[in-house]
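See structure below.
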Amino acid sequence: MKVAIMGTGRIAEIMARTLKDTKGVTCYAVGSRTIENAEKFAREFGFKKAYGSYAELVSDPKVDLVYVATPHSEHFENVKLAISAGRNVICEKAFMLNENQAKQIFKFAEEKGVLVTEAIWTRYMPMRTKLAEILSSNVIGEPTMLTANLSYNIAYKERIQKPELGGGALLDLGVYCLHFASMVFGNDVKDIASICTFNNLGMDMQDSITLRYSDGKMAVLNSTVLSTGDRNGVIYGSKGFIVVENINNPEAIAVYDNNYNKTAYYKRPKQKTGYEYEIEACVRAISEGWLECPEIPHAETLKILNMMDFIRSNNHIVFPGENDNPAVSAAETALETEIKPEVETETVTETEAKTETELPTEDQEAVEQGEYEEEVNSGDNSSGTDD
């Protein structure tokens, strides 16, 4: 299956390395905004074709799957372009800026009969299945609460700082916390309370989110781009608790009983980069003629975006163009009938933050931070990306 990469930033480099060692796929084509960058990338990673525009890339009839590795702000137009050419697509998280965009994309993909899925890698990993097995064994009894945090000191990056790039901690890091909670407790969320701090451009730098489910379970989620955290997830049960070490790429799962004795410990299997699982899932889905991957159905992507829309709107986090489109104003429409927070959210103005893998340590850390997406900017490119 011939895979094309849209974008030549460092996240695209990681995917290129992944494709080289993944069965059933080949590094076929790469597209950039300049032919020079595309040709350089193709030479370095062994791609057969290099294109100086995304339109040329998706027009190649031999492309079976397009991996979109561009900033959040570009996902809607980039994915729509690929679908219009009849290409299957896997798009980096956060899938779109908002739920309305995702709905349009999924409808368009269905009309064109192509697969579209979100590259939220934790949904595809074997450790997700292992965690589900542990929970279903009843070893910790009935789970009632979970906590999760994801924190990296990456506030200086343009894609985090700027509204025009779909910036902020929520779409970059908080999305992982929400997916973690969803994989453990599902999506029957009754109430959401959230509080954020901001940079001078109105982008959230720190988010604290509490979810209350219809059955009384609770999830407390924290993310920040201002500091470094342990990245752990903890699931509390009536007979013990589970610690997931690094919710962004689980390294191990530890099980404890009510006396705080560690009763089991599961290390993650050796991986190439962690991206191989999502590509393998796409190959299976395309081979079966499916239009979505069972690991992350469209309904799951929409629900997470729905919650993020609600959180953003309650904290007045707006991306360019959203005020012009009433369908995208989440707090007023998207969740109004589903979630009625009992506690009014508060906004606080910021004053002005060992893995088993074949990747070098610095690359692995950067992959986990999701920092490799191709930047869209003019002038100084302080992000260190290729484009």
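(1) hydrophobic (A, V, I, L, M, F, W, C); (2) assigned to a helix (DSSP H, G or I); (3) over 22 Å from CYS27 (Cβ atoms): which one isn't true of LEU81, the others all being true?
So LEU81 meets the others, but not (3).
Quick one: count up the residues across segment 217-248 that are surrounded by 15 or more Cβ atoms within 10 Å (Cβ to Cβ) and either at positive phi or among the basic types (Lys, Arg) (or both).
Qualifying residue count, segment 217-248: 4.
Conditions tested, residue by residue: (1) hydrophobic (A, V, I, L, M, F, W, C); (2) in a loop (DSSP other than H, G, I, E, B).
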| site | (1), (2) |
| --- | --- |
| THR122 | no, no |
| THR129 | no, no |
| LEU135 | yes, no |
| VAL139 | yes, yes |
| MET145 | yes, no |
| LEU150 | yes, no |
| ALA155 | yes, yes |
| ARG159 | no, no |
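Checking the conditions here, which among GLU332, GLU336, GLU292 is of a type in the set (Asp, Glu), at pLDDT 95 or above and surrounded by fewer than 21 Cβ atoms within 10 Å (Cβ to Cβ)?
GLU292
Mind checking which pairs have a first residue in segment 250-277 that is of a type in the set (Asp, Glu) and a second that is not in a loop (DSSP other than H, G, I, E, B), Cβ under 6 Å, 6 or more apart or different chains?
Hits for this filter: GLU251/GLU245; ASP257/GLY240; ASP257/THR263; GLU276/THR18.
Does any residue of segment 273-293 turn out to be in a strand (DSSP E or B), more than 15 Å from LEU150 (Cβ to Cβ) and of a type in the set (Val, Ile, Thr)?
No, that holds for no residue.
Give segment 130-155 a look and list any residue that's of a type in the set (S, T, N, Q) and open to solvent by 60 Å² or more (accessible area, probe 1.4 Å), or say none.
The answer is SER136, SER137, ASN138, THR144, ASN153.
The values are calculated or read from the model by the stated rules, or taken from the named source; none is laboratory data. These numbers come from a predicted model, not from an experiment. For neighbour counting, all protein chains shown are included, and Cβ atoms are generated from backbone atoms with ideal geometry for every residue, glycine included. The protein model used for the area step is the full one, side chains on, heavy atoms only, and it has no ligands, DNA or RNA in it. Shrake-Rupley method; radii C 1.70, N 1.55, O 1.52, S 1.80 Å.
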